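Worksheet: the structure to be examined is printed underneath.
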Amino acid sequence: MARLLLLFALCVLPALVSARYVGNPFLVKGRVYCDTCRCGFETSASQAIPGARVRIECKDRDTLELKYSIEGVTDSKGMYSIMVTDDHGDQMCDALLVSSPQGDCATPDAGRDRARVILTRNNGVISDTRFANAMGFLKNEPLSSCTQLLQQYQETDE
């Protein structure tokens, strides 16, 4: 009887503990915007892009081989929510811009076209929701009001 109890404790209990994560996906949330002033960061003139396509990619850390990929689309407020299955603790995962439905704002901003996302439960974060940094596309021509707007961001010694 003691051996059966020991066998149960060594074999079944670890399986039950790890089974609680099965079928419990991560929810990756983020935002896509149009940089209307082409300044490389969000301003009060930045606009949300509804209908932008975003992809979550996870690659092997050593070989950089693609292991997982899923796409999503932003809502009317430029926000996306993508469900990601499994724990990707041994992989590098990024949210990437795929495309913009706005023809005049479809060039990905080189510094803001991807966001690293940690998709593992072995990091102390209790929530299954992960938030990615905002990503942006550049408008072809900056708005005429951008000069005044950017003056607000400049530091002066006066």
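The values are calculated or read from the model by the stated rules, or taken from the named source; none is laboratory data. Remember, predicted model here, so these are calculated numbers, not experimental data. Ideal geometry is used to build each Cβ from the backbone, glycine not excepted, and the neighbour counts take in all protein chains shown.
None of ASP109, ASP128 is over 16 Å from GLU71 (Cα atoms) and surrounded by fewer than 17 Cβ atoms within 10 Å (Cβ to Cβ) except ASP128. Take the conditions free of Cβ contacts under 8 Å to residues at least 40 places away in the same chain, surrounded by 15 or more Cβ atoms within 10 Å (Cβ to Cβ) and among the β-branched types (Val, Ile, Thr) and apply them to VAL54. Does it pass? In short, no. Of the residues making up region 122-149, those that are in a loop (DSSP other than H, G, I, E, B), more than 24 Å from SER99 (Cα to Cα) and not hydrophobic (A, V, I, L, M, F, W, C) number 7.
Pairing each residue of region 75-95 that is under 14 Å from VAL28 (Cβ atoms) and in contact (Cβ under 8 Å) with a residue 60 or more places away in the chain with any residue that is surrounded by fewer than 19 Cβ atoms within 10 Å (Cβ to Cβ) and hydroxyl-bearing (Ser, Thr, Tyr), provided the two are 6+ apart or on different chains, yields C-beta distances under 6 Å for ASP87/THR120.
Taking every residue in region 97-109 that is acidic (Asp, Glu) and pairing it with any residue that is assigned to a strand (DSSP E or B) and at pLDDT 95 or above, at least 6 positions away or on another chain, the pairs with Cβ-Cβ distances below 6 Å are ASP109/ASP35; ASP109/GLY136; ASP109/LEU138. Pairs are defined by a Cβ separation below 6 Å, a sequence spacing of at least 6 or placement on different chains, a first member in region 132-145 that is basic (Lys, Arg), and a second member that is in a loop (DSSP other than H, G, I, E, B) and surrounded by 17 or more Cβ atoms within 10 Å (Cβ to Cβ); the pairs so defined are LYS139/THR36; LYS139/CYS105. Among the residues of region 95-106, those that are of a type outside the set (S, T, N, Q) and buried (at least 16 other Cβ atoms within 10 Å of the Cβ) comprise ALA95, LEU96, LEU97, CYS105, ALA106.
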